[in-house]
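I have placed the structure first, in the form of C-alpha cells, so that the comments after it can refer back to it.
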Amino acid sequence: MDLSGVLIIDTMVAHQIFQLIKALKLIGVTCTLSGIRPEIAQTAIQIGIDFDELSVVSSIHQALAQRNLLQ
C-alpha cells in the first residue's frame, strides 16, 4: 500500500487503513506500507497502531524490490 500521495490523514482513516491490513492478513495477504509521511506515522502512533508486524519501506520502488517484482 503506497501512501506517498497522502498529505494528511485523520485518526478515523488511519484506523480504517490498519483494519484493512489486519483483514487482509486473515486471508493470507501480506501488506507492505510505503511512503509514510511523518505526520501519518504520528497519527498512527497516537491511535495505538503497532508497526511491529508490518513491513514498512520508504518508497514504492523498495516495496517492489523487496517482493522481487522489479526486473
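The values are calculated or read from the model by the stated rules, or taken from the named source; none is laboratory data. These numbers come from a predicted model, not from an experiment. Please note: Cβ atoms are built from the backbone with ideal geometry, for glycine as well, and neighbour counts cover all protein chains shown. These area figures cover heavy atoms from the full protein model, side chains too; ligands, DNA and RNA do not enter into them. Shrake-Rupley method; radii C 1.70, N 1.55, O 1.52, S 1.80 Å.
In table form, for the structure just shown:
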read-out: Nearest 10 degrees, 0 to 90: helix 11-26 Cα axis against the chain principal axis; value: 40 degrees
read-out: Listed peptides 32-38, 46-52 by packing density, highest first (mean Cβ within 10 Å); value: 32-38, 46-52
read-out: Kirkwood hydrodynamic radius over Cα pairs of the chain, then Stokes diffusion coefficient at 25 °C and 0.890 mPa s, in µm²/s; value: 194 µm²/s
read-out: Charge dipole (debye, nearest 20) of the chain; +1 at Cβ of Lys and Arg, -1 at Cβ of Asp and Glu; value: 200 debye
read-out: Extension gain (nm, one decimal) between Leu20 and Val56, 0.36 nm per residue minus Cα-Cα; value: 11.4 nm
read-out: Average accessible surface area per residue within the chain, 1.4 Å rolling probe, Å²; value: 71 Å²
